[in-house]
Amino acid sequence: MGGTPRAALLALPRVDSVDPTSPLSCNVRENQLTTCSITHPDVSGTLFATFHFPAFSLNSVNGVLICDSCVVAVTVTVTPGLYGFTVTPSSLTFIPGQSATVDVSYAKYGDLAVFDSSARYPTDTAYDTALELWWERNPGRWIEVSGSAHSAAHVVTAPLHDPGAFLIAAPR
């Protein structure tokens, strides 16, 4: 079955009272870079995540190859209360090495205080440093996204190799 059970992960909760605008429908044009962002509904429009789809990064939907000039509707739905999201359609495939990427920003609303839920992290900084993007490979089983890393303070950047459920978390 492979992967880490969800209970073994310490997911990053959000301290905002209203979920970011979701779902986001991003019309990805296959032959050009497409960038789509989800923001928090606060006055300043604080960034939640930005998705980058390079030109020619999509392969197929429902087993049908995507033509060079085609537009594919990719939907992103935010997970309530957490720094998590789901990318659909589930039948979407990406071209290896040309993957879309996501930058998840949690500077304002990330609740790092949950670090004390695990003896593994002596401080919120230690927990923050351990955060990565995880993908639900099979129901209830999660794997770290290869290439997930901090690209700036309180920003995790990672490639999206497949659609599905994603979560910013660290091992419990």
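Each value in this text was obtained by applying a stated rule to the coordinates, not by laboratory testing. Owing to the predicted nature of the structure, the values given are computational and were not obtained by experimental measurement. Positions of Cβ are generated from backbone atoms using ideal geometry, with glycine treated the same way; all protein chains shown enter the neighbour counts.
What residues from region 7-44 fall in the zone where the backbone N is under 13 Å from a label point 7 Å along the Cα-to-C-beta line of residue 116?
none
Using a Gaussian network model of the chain with C-alpha springs under 10 Å, which one of 49, 149, 126 is most mobile by mean-square fluctuation?
Judging by the Gaussian network model, the answer is 126.
Return the single residue from 19, 162, 42 with maximal mean-square fluctuation; model: Gaussian network over the chain, springs between Cα atoms under 10 Å.
Ranking 19, 162, 42 by mean-square fluctuation puts 42 first.
Efficiency by 1/(1 + (r/R0)^6): what FRET value for residue 151 and residue 125, r their Cβ-Cβ distance, R0 = 22 Å, to the nearest 0.05? Walk me through the intermediate numbers first.
Working: r = 17 Å, r/R0 = 0.78.
Computed FRET efficiency for residue 151 and residue 125: 0.80.
For region 89-142, which trypsin sites (Lys or Arg not before Pro) are both in a DSSP coil and crowded by at most 14 other Cβ atoms within 10 Å?
Hits after loop and neighbour filter: 120.
Could you go through region 9-16 in sequence order and give the Karplus-derived ³J(HN,Hα) for each residue, using 6.51 cos²θ - 1.76 cosθ + 1.60 with θ = phi - 60°, rounded to whole Hz, and x for Gly and Pro?
With the stated coefficients, region 9-16 comes to 10, 9, 6, 7, x, 9, 9, 6 Hz.
Expressed in nm to one decimal, what extension gain is obtained for the pair residue 17 and residue 91 from 0.36 nm per residue of sequence separation less their Cα-Cα distance?
23.4 nm
State, to one decimal in nm, how far the label point of residue 161 lies from the label point of residue 68, with both points 7 Å from Cα in the Cβ direction.
2.9 nm
Applying the Karplus parametrisation 6.51 cos²θ - 1.76 cosθ + 1.60 with θ = phi - 60° to the phi angles of region 135-151, what ³J(HN,Hα) value in whole Hz is obtained for each residue in order, glycine and proline being reported as x?
Residue by residue, region 135-151 yields 10, 7, 5, 9, x, x, 10, 10, 10, 5, 6, 4, x, 5, 7, 7, 9 Hz.
Roughly how many debye, to the nearest 20, is the charge dipole of region 4-171 about its Cα centre, given +1 on each Lys and Arg Cβ, -1 on each Asp and Glu Cβ, and no other charges? Mind dumping the intermediate values first?
Values: 7 positive and 14 negative charges, 51 e Å.
Roughly 240 debye for region 4-171.
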